[in-house]
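Beneath this line is the structure, given in structure tokens, with notes to follow.
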Amino acid sequence: MTADSLITDIIVPLQPSDTGDDALRVMNDFYLRHLPVVKDGELVAVVSEDDVLEGDPLETVENYRLPLQPPSVFPDDHVYDVMKFIVQYKLTMVPVVAHDGQYIGMITNEDLLKFFAETSSFRDPGSIVILEMGRHDYSLSEIARIVESEGAIILSSFIRTFDNTARIEVTVKINNQSIAATLATFERYNYNVKASFNEKQLQDTLRERYDSLMNYLNV
């Protein structure tokens, strides 16, 4: 999946002659804190809500002091690269430009979140297991073999690292809601199961919290 599949053209980019107030109005309409500035079809800047609030909202955005090289991605960049870029620069949207510099559109945080929410690894029912181990002990093939030995498969996985330590967390989603046997097998192979969840438990927890909220509101 590449960036061009997530591009939205619903939000019109700013022109250099637009004011800070114009920018804030669009940001409020679309729940964003950043907008691209486009001149003659080319991306020239990215203006943020802070840029406007720290400056004069009546000034045109071309008069703001903005980075000379605005952050952007190419249409053939992978979705993971887009996510990394948004996190790295703390953006609420990222412009997409062609390799010749022409502005194509933008990808918002909402677009990105919707993409991941609709993937099978999030949508399909199953269970989540979080394992803690040393970096040198990590083997996805062995983890998959343990899961498959109990008649299940891994739908997705990701690793969380920690600064100044050799410990890591490996989170796997399994396509099975009955994971007692899988957990027992992990422990038999000396894996540290830090936490586990299944869809029914999550639904029950959400129902309990909803019922508690309703009872509170009815007091």
(message) Once you place label points 7 Å from the Cα toward the Cβ at V193 and Q15, how far apart are they in nm?
(response) 6.2 nm
(message) Whole angstrom only: what separates the Cα centroid of the range 2-36 from the Cα centroid of the range 170-200?
(response) 43 Å
(message) For the range 15-101, which chymotrypsin sites (Phe, Trp or Tyr not before Pro) pass both filters: DSSP loop (anything but H, G, I, E, B) and at most 14 other C-beta atoms within 10 Å?
(response) Y31
(request) Give, in whole angstrom and from largest to smallest, the semi-axes √(5λ) of the equivalent ellipsoid of the range 123-212, with λ running over the eigenvalues of the Cα gyration tensor. (result) 24, 17, 11
(request) Name the most mobile residue of D100, D51, D163, meaning the one with the largest mean-square fluctuation, in a Gaussian network model of the chain with Cα contacts below 10 Å. (result) D163
(request) Quick one: give the max-minus-min coordinate of the C-alpha atoms of the chain along each principal axis, largest first, in Å. (result) 66, 54, 34
(request) Determine the percent antiparallel among the DSSP beta bridges restricted to the chain, to the nearest 5. (result) 95 percent
(request) Name the most mobile residue of T185, T165, T60, meaning the one with the largest mean-square fluctuation, in a Gaussian network model of the chain with Cα contacts below 10 Å. (result) T165
(request) Obtain the nm distance between the two label points defined at H78 and T2 by a simple spin-label model: each point lies 7 Å from its Cα along the Cα-to-C-beta direction. (result) 1.4 nm
(request) State whether the range 161-202 is rounded, prolate or oblate according to the following rule on the C-alpha gyration tensor (a ≥ b ≥ c being the square roots of its eigenvalues): a/c under 1.5 gives rounded; otherwise a/b larger than b/c gives prolate, and the remaining case gives oblate. (result) oblate
(request) Work out Dmax and Rg for the range 3-116 from the C-alpha atoms and quote the Rg first, both in angstrom. (result) 13.2, 38
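The numbers here are math on the coordinates, done by the rules we state, and not lab data. Note that the structure is a prediction, hence the values are computed from the model and not measured. Virtual Cβ from ideal backbone geometry, glycine too; neighbours counted across all protein chains shown.
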